[in-house]
Amino acid sequence: EDHMKNGQLKPAYNVQISTQEQIITNYRIHQNRTDTGTYIEHLQQYNQLYKNYPSMAVADAGYGSQENYEFLDNYDIETYVKYNWFYKSKMNVTQALNSLNDYGELNDFENIFVDFIKNAERGICKSI
């Protein structure tokens, strides 16, 4: 299938690389074409290699998912990962809060997300 609609086939592999101070510290080859589904396995491999998780992780919005945020939070990894629809969102904070509230009472993750949105709009990029 031509997922990119550019006449090219998508590769069957997804290579993930971690660096620290421009030195490669970890790599992993996945058969999962999305970055979201590779993040936790990549961090777990890092833990197997170094017997701990990194204290901080930075990634683009392609890695943003509730599952990934919860994993990072569970292992106290300070992170700067935008939610996966960050660039597609044209909402201001009020619109975003209203759309979340349409589903009823907010759960713990959604409350953290609301704080994240408020900070992002003020230009503060903080771990969620």
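The values are calculated or read from the model by the stated rules, or taken from the named source; none is laboratory data. As the structure is a prediction and not an experimental result, all values here were calculated from the model. Every residue, glycine among them, receives a Cβ derived from its backbone with ideal geometry; neighbour counts consider all protein chains shown. Heads up: the accessible areas ignore ligands, DNA and RNA and are worked out on the full protein's heavy atoms, side chains in. Shrake-Rupley method; radii C 1.70, N 1.55, O 1.52, S 1.80 Å.
Below, the figures for the structure above:
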read-out: Sequence-distant residues sharing a close amide H with residue 75 (under 5 Å, placed H); value: none
read-out: Of all accessible heavy-atom area on the stretch 8-58, the percent that carbon and sulfur account for (1.4 Å); value: 50
read-out: Ranked packing of 64-71, 41-48, most packed first, by mean Cβ within 10 Å; value: 64-71, 41-48
